[in-house]
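Here's the structure we're looking at; comments come further down.
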Amino acid sequence: SIQPVYGAQHPPLDPRLTKNFIKDRSKANALPMKSKKASSFHEFARNTSDAWDIGDDEDEDFSSSSSSLQTLNSKVAKATAAQVLENHSKLRAKPERAQSALSDVPTNCKVIKSSSEAQLSRTSEEACVRTPLQKQQSLPLRPVIPLVARISDQNASGAPPMTVREKTRLEKFRQLLSSHNTDLDELRKCSWPGVPREVRPVTWRLLSGYLPANMERRKLTLQRKREEYFGFIQQYYDSRNEEHHQDTYRQIHIDIPRTNPLIPLFQQPLVQEIFERILFIWAIRHPASGYVQGINDLVTPFFVVFLSEYVEEDVENFDVTNLSQDVLRSIEADSFWCMSKLLDGIQDNYTFAQPGIQKKVKALEELVSRIDEQVHNHFRKYEVEYLQFAFRWMNNLLMRELPLRCTIRLWDTYQSEPEGFSHFHLYVCAAFLIKWRKEILDEEDFQGLLMLLQNLPTIHWGNEEIGLLLAEAYRLKYMFADAPNHYRR
């Protein structure tokens, strides 16, 4: 039931590959310009080697039997990593500036003591090495933003902890949520511009349809659904050792450590066990699609939001062993049910041949040809297919392109918008693409375009940028509201 995914994210840059990248780059520089320029995706792919062959995964034999499309994408990944190094060397940052960039890193690299301390420390050290590379690509330098933060903290402009307007909005949410029957239409309207951190967990449960609007029914509903989930665990989880489920479980087991590898929270063994249970139970209860790479990403926003209900500090470094068993069970069950509600609306993205994604990528191409013909023709000129970059945007709902804090803010709106994860996401992708039109038009070869589109500099994005992106997506959607055939010319 494992479906090969074209467009899955490449693994984090491994320091062990650096020497090879530099050698490859020096060889490439020695060639004439014409031989460097790839005229097509397949020619470009043939000139690169496989970035997955790092040698640190005992289970890689399993994934090596995936489709050739996956292999091609992996080749693009390695060349992408090489280009990151090359771009960094071109910047030639002064030593003082590099030192100041490094001085920002320890805050995000601090790892608390836990049973997986050695593993977390290694991940953290690698993050410290890589972060300056990313910062220098997205000039001007912006303040370091927590990965998961309060709404006001997420503003890169340095907004105060809680403005009068935010206090008023929070009070409005509390009134809505405490009423006998919550007005869900009003709650969606209030949630569209973002949900305050303090009320986000219960708001997300309501907007996803997991909790009833009636206040009296909520406690019993939560208790019943949580017991139902752990009934599934007892009934199905042991079957992971059976032969017909081993492939599914093995692929999940491989993908879990790759989920947000630079955030210590997700490298804790207890968290990884929770994710494995959630994904395995979902996969065997949805045999039409089974487990597909990319679904593992969709658990993380729900897990973080429901964890923040019990954690005051930054959750990215929180040791979950400090929480009681009952609390962890609640977080796990709620994450499962809310992710299931989300996937119910986009399951055709993950069924055989992934027809939902194919249709959405085609719709994106036709939409961009209408709203920015110059960008569309630029792609055609250099033989860039939308499937080569937008497949991942649809498969992972832009989670690989944006920091986690931005995904959480984006999902506030998606859950407020009718068909947010399916229909509105298309317009967000179009707005996201056009946001980089200048950079796109500046690239004049296939390789440069693909490098750019797979490594867009969003690392310092916060609520400000997401708000502008959503506003543009809303404008695009309603500009064509009275034109049923607006995708087509």
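The values are calculated or read from the model by the stated rules, or taken from the named source; none is laboratory data. These numbers come from a predicted model, not from an experiment. All Cβ positions, even for glycine, are placed from backbone atoms using ideal geometry, and neighbour counts span all protein chains on display. Protein only, heavy atoms only, side chains kept; ligands, DNA and RNA dropped before computing areas. Shrake-Rupley method; radii C 1.70, N 1.55, O 1.52, S 1.80 Å.
The table below lists the values:
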| item | result |
| --- | --- |
| Matching residues, segment 148-168, being open to solvent by less than 50 Å² (accessible area, probe 1.4 Å) and either part of a loop (DSSP other than H, G, I, E, B) or modelled with pLDDT of 95 or more (or both) | Val148, Ala149, Ile151, Asn155, Ala156, Ala159, Thr163 |
| Selection status of Ala483, open to solvent by less than 60 Å² (accessible area, probe 1.4 Å), modelled with pLDDT under 95 and not charged (D, E, K, R) | yes |
| Residue in segment 315-336 that is among the aliphatic types (A, V, I, L, M) and under 19 Å from the mean Cα position of the chain (by Cα) present | yes |
| Selection within segment 328-345 - among the aliphatic types (A, V, I, L, M) and either in contact (Cβ under 8 Å) with a residue 60 or more places away in the chain or open to solvent by 30 Å² or more (accessible area, probe 1.4 Å) (or both) | Ala333, Met339, Leu342, Leu343 |
| Pick from segment 176-188, criterion in a helix (DSSP H, G or I) and surrounded by 12 or more Cβ atoms within 10 Å (Cβ to Cβ), ranking: nearest to the chain's Cα centre (by Cα) | Arg188 |
| Meets criteria (assigned to a helix (DSSP H, G or I) and buried (at least 18 other Cβ atoms within 10 Å of the Cβ)) for Phe173 | yes |
| Matching residues in segment 428-460 - criterion: being open to solvent by less than 20 Å² (accessible area, probe 1.4 Å) and more than 20 Å from Gln388 (Cα to Cα) | His460 |
| Check on Arg285, outside the structural domain of Asp412 (by the TED database), of a type in the set (Lys, Arg) and within 18 Å of Tyr350 (Cα to Cα) | yes |
| Single unsatisfied condition, Leu270 versus (1) modelled with pLDDT of 95 or more; (2) surrounded by 18 or more Cβ atoms within 10 Å (Cβ to Cβ); (3) not small (Gly, Ala, Ser) | (2) |
| Members of segment 346-368 found to be assigned to a helix (DSSP H, G or I) and open to solvent by less than 10 Å² (accessible area, probe 1.4 Å), listed by number | Asn349, Gly356, Ile357, Val361, Leu364, Leu367, Val368 |
| Residue match in segment 216-234 (condition: aromatic (Phe, Trp, Tyr), surrounded by 17 or more Cβ atoms within 10 Å (Cβ to Cβ) and over 22 Å from Val327 (Cα atoms)) | no |
| Scan of segment 173-219 for residues that are of a type in the set (Phe, Trp, Tyr) and touching a residue at least 60 places away in the same chain (Cβ under 8 Å), ordered by number | Trp192, Trp204, Tyr210 |
| Tally of residues being within 19 Å of Trp337 (Cα to Cα) and either outside the structural domain of Val305 (by the TED database) or aromatic (Phe, Trp, Tyr) (or both) across segment 184-221 | 2 |
| Filter pass, Phe280 being crowded, with 20+ Cβ neighbours inside 10 Å and closer than 19 Å to Gln235 by Cβ | yes |
| Odd one out for Val144 among (1) of a type outside the set (S, T, N, Q); (2) out of contact with any Phe, Trp or Tyr (no Cβ under 7 Å at 6 or more places or on another chain); (3) modelled with pLDDT of 90 or more | (3) |
